[in-house]
Amino acid sequence: MNKTARTLFAIAAVATVSAAHAQYQKPIGVSVRAGLFFPTNGTARDSASTWFTVGADYKLKDLKVSGAPGMQYGGSLSLSLDFYGKGDYSNLPLLLNYTGRFESNFYYTVGAGIGFNRVPKAGGGTASGEDFVVGVAAGYDFVRGGTPLFVEGRYYGSNESALNGFSLVGGIRF
């Protein structure tokens, strides 16, 4: 079994066990997600047009936000750690995020932080470094069988342009 298949199997197993566990626990403010990443840089995309991504958020604090009269709006601060990569390309962004939630199940997230990256060097091999990373996401929360789930579209922008791109993920909240 190749490495990607083992990773996907492990995530599915954890999500299955966690889903049952999540039905009996109070929310602890952790979200776990996995999905596909699509690089926008031509060179990175030529190496592989679809990469794997996995990540987690930890809610630090709920914020009081004033909205228009009669409109419910909530916000929170969170810390997130993600991984996306394929072959010689990878990034591990650590971001401080603001998430806004409306009356519906829709939400958005904006964040900024540092990315720990690896990219191929011109003469061969790879180069590692740190750079500034931003993340923007829009998502939708829903519940299946008492388990809080979500789907999300994300964009990561990095000073290392080979690591810019979009992702589509699904996840579970604890």
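Below 20 Å, Cα to Cα, which aspartates and glutamates can Lys61 reach? Residues fewer than 8 away in the same chain don't count. Once the sequence-local aspartates and glutamates are set aside, what remains near Lys61 is Asp82, Glu103, Asp141. The value given for the stretch 31-138 is a Kirkwood hydrodynamic radius of 15.5 Å, derived from the mean inverse Cα-Cα separation. Sequentially through the stretch 100-112, phi angles give Karplus couplings (6.51, -1.76, 1.60; θ = phi - 60°) of x, 10, 9, 4, 7, 8, 7, 8, 9, 9, 10, x, 8 Hz, Gly and Pro residues having no value and appearing as x. Just want the answer: with Cβ charges of +1 for Lys and Arg and -1 for Asp and Glu, which residue in Gly171, Val136, Ile114 is farthest toward the dipole's positive end in the stretch 113-174? Final value for the positive-end residue is Gly171.
Values quoted throughout were computed directly from the atomic coordinates according to the rules given, and no laboratory measurement underlies them. Values in this document were obtained by computation on a predicted structure and should not be read as measured data. No Cβ is skipped: glycine too gets one built from the backbone with ideal geometry, and neighbour counts run over all protein chains shown.
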